[in-house]
Amino acid sequence: MLDADCTFQQVDPEGVSIYWGAYLGTDDELLVGGPLSEVADEIVRVRGEARERKGWIMDTYLLRRD
């Protein structure tokens, strides 16, 4: 999934959890999960830092209604 705009931020976070990961299956794997309302800003921050550090990012996420 290619979502450079972090479109999950446009979803009504009420009752929604997100499971986000980048560089899955590598030594650089990053994972963040939890209620969308609580972790959306963290994902945007971690994603930005990782992209800046490596020069690229490959990430995906799952949204799930609780």
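The values are calculated or read from the model by the stated rules, or taken from the named source; none is laboratory data. Just so you know, these numbers come straight off a predicted model, no measurement behind them. Don't worry about glycine lacking a Cβ; one is built from the backbone with ideal geometry, like all the others, and counts go over all protein chains shown. Remember, those area values only see protein heavy atoms, side chains included, never the ligands or the DNA or RNA. Shrake-Rupley method; radii C 1.70, N 1.55, O 1.52, S 1.80 Å.
Between 0 and 90 degrees, the angle of helix 36-54 with respect to the longest Cα principal axis of the chain falls at about 10 degrees. Computed over the chain, relative contact order equals 43 percent, with contacts defined as Cα pairs under 8 Å that lie 6+ residues apart.
The Cβ shell under 11 Å around Arg65 holds other residues with a net charge of -2, Lys and Arg each +1, Asp and Glu each -1. Under the combined filter of DSSP loop state and at most 13 neighbouring Cβ atoms within 10 Å, the chain retains these GluC sites (Glu not before Pro): Glu14, Glu29. Across the alpha-carbon set of the chain, the Rg to Rh ratio works out to 0.95, Rh being the Kirkwood radius. Of the solvent-accessible surface of the range 4-58, computed with a 1.4 Å probe and all protein chains present, 46% belongs to carbon and sulfur. Sequence-ordered 3J(HN,Hα) estimates for the range 25-32 from the Karplus curve with 6.51, -1.76 and 1.60 and θ = phi - 60° stand at x, 10, 5, 8, 3, 10, 9, 9 Hz, glycine and proline given as x. Remark on Met58: its backbone amide H falls under 5 Å from those of Tyr23, a criterion applied only to residues 5 or more positions apart or on other chains, H modelled at 1.01 Å from N.
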